[in-house]
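What follows is a set of notes on a single structure, which appears directly below.
The values are calculated or read from the model by the stated rules, or taken from the named source; none is laboratory data. Computed from a prediction, not measured in an experiment: that's the story for all the values here. Neighbour counts are summed over all protein chains in view; Cβ atoms, including those assigned to glycine, are modelled from backbone coordinates with ideal geometry. Each accessible area value is taken on the protein alone, full model and side chains, heavy atoms only, with ligands, DNA and RNA left out. Shrake-Rupley method; radii C 1.70, N 1.55, O 1.52, S 1.80 Å.
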Amino acid sequence: MSNSQAFEEQKFVVVRRHGSALILPTLILAIVGFLFFFVEWRLPEIWQRQAFLGVCIIIAIVFWLVPSIKFFTNRYELTSTRAIVRSGLFGTKREEAPWGEVTGVSVSRGVAAWLQGAGDIRLNREFGQDLILRRTPKAKKLSKEIEQFLGKRAYSGMRK
């Protein structure tokens, strides 16, 4: 086995935000559909119906389609060498933290997140800003796994 194969980066896990992030956009879509179905036929003029349809489509795009695209394109990747957070509308914005810079892991949760088993995982860094994995499902379990991984790296002398 060559040196390049020995230090090849392996992807351990890819995580998205908790699915509850889609509840409000879906609720808004249902309300817009309900309003269109029950209000549109009561409008007397054709131009009013078309304008109402246009408003409903714009609301659906802004409050349902855009958050849904963000949900499915944003992700957290944990690899053998670093943690990567992809964000932005199409997941093009990227933040990363090499495991060698991570000094600790902490979890913070509100009441709603606690009930869902989700939470914000903060990777404390030696240099720069902490990396935050927001609304991560099974946050406690994942943070313990990360701590064990960091402990094994420190024990084996891989951490510098």
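Some values worked out for this structure:
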{"read-out": "Estimated inter-spin distance, THR73 and PHE127, nm [label 7 Å along Cα→Cβ]", "value": "3.1"}
{"read-out": "Region 75-131: GluC sites (Glu not before Pro) in DSSP coil with no more than 11 other Cβ atoms inside 10 Å", "value": "GLU126"}
{"read-out": "Projected label distance in nm at ARG16 and SER87, using a 7 Å step from Cα toward the beta-carbon", "value": "1.8"}
{"read-out": "Lysine pair number, Cα distance threshold 22 Å (strictly under), region 11-160, separation 8 or more or different chains", "value": "16"}
{"read-out": "Accessible-area composition of region 1-87, carbon plus sulfur, in percent [1.4 Å probe]", "value": "69"}
{"read-out": "Segment LEU115-LYS138, extension gain: residue separation times 0.36 nm, minus the distance between their alpha carbons", "value": "7.2 nm"}
{"read-out": "Relative contact order, percent, the chain [alpha-carbon distance under 8 Å, six or more residues apart]", "value": "19"}
{"read-out": "Helix axis angle, 23-39 relative to the chain longest principal axis, alpha carbon, degrees", "value": "10"}
{"read-out": "Low-density loop cleavage sites - trypsin sites (Lys or Arg not before Pro) in region 1-72, where at most 11 other Cβ are within 10 Å (DSSP)", "value": "none"}
{"read-out": "Cβ-based charge dipole, region 1-124, positive-most Cα from LEU29, ALA113, PHE71", "value": "LEU29"}
{"read-out": "Full-extension gain in nm, LYS152 to ILE58, via 0.36 nm per residue minus C-alpha separation", "value": "28.7 nm"}
{"read-out": "Farthest toward positive dipole pole in region 4-160 [+1 Lys/Arg, -1 Asp/Glu at C-beta], among ILE132, PHE149, ALA83", "value": "PHE149"}
